[in-house]
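The values are calculated or read from the model by the stated rules, or taken from the named source; none is laboratory data. Keep in mind it's a predicted model, so treat the numbers as computed, not measured. Note: ideal-geometry Cβ built from the backbone for every residue, glycine included; neighbour counts use all protein chains shown.
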Amino acid sequence: MLVSVQQSVQTPDDQSMVYFRDVLGLETSEAEDELDASLRSEAQELGLCLDESKPITRSSGKTASMDTTLSERDFLDNFAKWEDGASRNASVATEALDSDSLTSVSPERDHSPPRETETMAPTVPAWTFFDTVPELLALQAACEAQCQRFKLWTSQNRAAMEAKHIGAVAALHRSQETALEALLDTHALALADAEDKQVTAESTLREVHDQAYRVNVTALKQQEAYCAGTYSDGQPHGRTITALDRTELDKTRRTRDNMASRQESAINVLRGEQGRRIRARVQRQDKEAADLEVLQEREIDALGRHNVAELEELGTIEKEKKTRLATRWRMQTMILMRRAGIEEEDVEACQGIVVDWDGALNRPPVPEKDARRGATRPRYDSMLADGPAQV
């Protein structure tokens with residue numbers, strides 16, 4: 001039964017703990033290291049070669065791999081094909097060859113034919129040894145279950161990471177919307193305050209104009225009475241009226257006549273200046289809002305890049321863990337085969353337990369009798385965690 005992995009967002013340490021507990025059935029990475037060390041130790045005691053980097057001969061740019069089940073005849077046929085292909089690809093001057101020199105090798109083709117020990121790669125599926133080593137059936141089932149647990153752990157990690165990213169994007173969008181709304185509210189308040197100040201300034205100017213008009217009317221009335229030789233109550237004042245007095249009277253009258261147009265012009269100038277300032281303020285506010293939106297887009301992009309980097313890091317971790325699992329499964333396969341008396345070269349030619357990480361297992365169906373025989377044996381899940389002592 002697959003163990004459920006936590007759905008909540010986890011730290012890398014939490015993910016490692018869940019991996020060791022739910023996938024491997026272990027507690028810490030030290031336990032996994034001890035398991036691998038014990039497997040390597042037992043494999044060395046059995047005389048197994050654990051070199052995973054076996055060279056593969058390349059011919060004409062393609063990998064030439066030979067199955068260990070090839071007969072001597074098949075090997076000679078493959079060798080003849082290899083030599084024929086190499087001779088065709090050799091770029092040497094054409095010369096006459098007699099029947100005795102057909103087997104000669106071109107000077108530029110100094111490659112020796114692939115030796116079987118050098119071109120041997122692990123190509124034999126483990127299921128071919130199920131009849132000989134029945135314990136491999138239980139190991140196959142246990143590896144499949146462990147693979148399913150690994151894929152479950154991987155999918156839930158990615159789902160949690162995706163949920164974390166979606167939540168972070170949603171939270172960032174909310175904070176950005178709040179910030180933009182706050183900025184627009186500030187702009188609206190500032191614009192309303194500027195418009196209020198504009199109305200107040202115009203009202204104050206009109207009051208000044210009214211006051212100036214009243215002063216002008218009073219002064220004009222007094223000057224007209226004075227130049228008429230009387231007081232305001234009509235009594236003669238008996239003073240001499242000079243030309244300067246009449247000039248001042250004319251000046252006051254012109255001021256009165258031109259006052260309305262001058263005051264209207266002053267109000268228009270005030271409105272124009274205030275309108276220019278309002279437009280400049282609106283432009284600054286629009287620029288601030290646009291700059292904020294650009295900054296918010298950059299924040300979203302940065303969050304997306306961070307998520308991509310996390311997914312890439314998770315993919316790297318998954319690849320490393322899959323490689324380690326596959327290596328461990330092959331060691332366990334080799335140990336079981338060697339204990340069953342399989343020849344060393346056949347053991348080293350076996351691929352080990354192979355699973356399809358993307359879907360179904362990469363092996364043919366197990367015959368019903370073998371399935372029944374494997375089902376009667378104890379499950380290998382605990383053996384995967386407890387090491388070779390229980391193999």
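Here are the numbers for this structure:
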{"item": "Where a residue in the stretch 15-28 is without any contact (Cβ under 8 Å) to a residue 12 or more places away in the chain and under 17 Å from Met161 (Cβ atoms) and its partner, wherever it lies, is assigned to a loop (DSSP other than H, G, I, E, B) and of a type in the set (S, T, N, Q), with Cβ under 9 Å and at least six apart", "result": "Met17/Gln10; Met17/Thr28"}
{"item": "Selected residue (criterion: modelled with the lowest pLDDT) from residues of the stretch 350-359 that are in a loop (DSSP other than H, G, I, E, B) and either within 16 Å of Phe129 (Cβ to Cβ) or in contact with a Gly (Cβ under 9 Å, 6 or more places away or on another chain) (or both)", "result": "Gln351"}
{"item": "Hits in the stretch 301-326 - residues which are crowded, with 16+ Cβ neighbours inside 10 Å, touching a residue at least 60 places away in the same chain (Cβ under 8 Å) and either of a type in the set (Val, Ile, Thr) or within 18 Å of Phe20 (Cβ to Cβ) (or both)", "result": "Leu314, Glu318, Lys321, Lys322, Leu325"}
{"item": "Close pairs from the stretch 269-281: first on the phi > 0 side of the Ramachandran plot, partner in a helix (DSSP H, G or I) and modelled with pLDDT of 90 or more, Cβ under 8 Å, at least 6 apart", "result": "none"}
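Conditions (1) over 40 Å from the mean Cα position of the chain (by Cα); (2) at pLDDT below 80; (3) closer than 28 Å to Ser29 by Cβ; (4) in a helix (DSSP H, G or I), marked per residue:
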site	(1), (2), (3), (4)
Arg279	yes, no, no, yes
Asp301	no, no, no, yes
Lys322	no, no, yes, yes
Met331	no, no, yes, yes
Val347	yes, yes, no, yes
Leu361	no, yes, yes, no
Ala371	yes, yes, no, yes
